[in-house]
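Only one structure is covered here, and it is reproduced in the block below.
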Amino acid sequence: MGIIIALDFGKKRTGIAVTDPLQLIASGLTTVDTNGLLVFLKEYCTKCEVDCFVVGLPMQMNNQPSESEQLIQPFLKTLRNTFPEIAIEREDERFTSKMAFQTMLDSGMKKKKRKDKAIVDEISATLILQSYLNRK
């Protein structure tokens, strides 16, 4: 059994989270510059067996896709073409950024670290992945 990788895709940065090999626990991995995301994933996939990519699905409160979905669609096409053997799932990512920030507050993270948007993106990816695991 391989791992699952979750992506909190953004215009500038993408947060990445992964499961353990038993696919029970979601853990933050890193945040990468979105321009280098495919290169990172190619390298990572040579080191680990990946069963699935879970990509955040940005939704509005009326259950319609948000504007950022237009940025994600071309990436999904490229992801499918680059990794045709790996499944791609989507997971609602509403409120993950707010929940990530609250998690940072609750954990006692210092204000300077909370301003680091890369940490927020990584935590958001972890929340997306945990939500996917809970639903599965």
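Check Ser97 against each of (1) outside any loop (DSSP other than H, G, I, E, B); (2) farther than 19 Å from Arg135 by Cα; (3) under 11 Å from the mean Cα position of the chain (by Cα); (4) modelled with pLDDT under 95 and name the one condition it does not meet.
(3)
For region 46-67, which residues satisfy the criterion of being crowded, with 17+ Cβ neighbours inside 10 Å and farther than 19 Å from Asp121 by Cα?
Val50, Cys52
I'd like to verify a number: residues in region 77-90 that are outside any helix (DSSP H, G or I) and among the β-branched types (Val, Ile, Thr), how many?
Residues in region 77-90 being outside any helix (DSSP H, G or I) and among the β-branched types (Val, Ile, Thr): 2 in total.
Which one of Lys77, Lys42 is touching a helix residue (DSSP H, G or I) at 6+ places or on another chain (Cβ under 9 Å) and among the basic types (Lys, Arg)?
Going through Lys77, Lys42 in turn, just one is touching a helix residue (DSSP H, G or I) at 6+ places or on another chain (Cβ under 9 Å) and among the basic types (Lys, Arg): Lys42.
Yes or no: region 8-25 includes at least one residue that is touching a Lys or Arg at 6+ places or on another chain (Cβ under 8 Å) and closer than 14 Å to Ala125 by Cα.
Yes, some residue in region 8-25 is touching a Lys or Arg at 6+ places or on another chain (Cβ under 8 Å) and closer than 14 Å to Ala125 by Cα.
If Gln64 meets every condition in (1) touching an Asp or Glu at 6+ places or on another chain (Cβ under 7 Å); (2) of a type outside the set (Val, Ile, Thr); (3) more than 21 Å from Lys12 (Cβ to Cβ); (4) at pLDDT below 95 apart from one, which number is that one?
Among (1) touching an Asp or Glu at 6+ places or on another chain (Cβ under 7 Å); (2) of a type outside the set (Val, Ile, Thr); (3) more than 21 Å from Lys12 (Cβ to Cβ); (4) at pLDDT below 95, the lone unmet condition for Gln64 is (1).
The values are calculated or read from the model by the stated rules, or taken from the named source; none is laboratory data. This one's a predicted model, so the numbers in the text were calculated from it and none came from an experiment. Methodologically, a virtual Cβ is constructed for each residue, glycine included, from the backbone with ideal geometry; neighbour enumeration extends over all protein chains shown.
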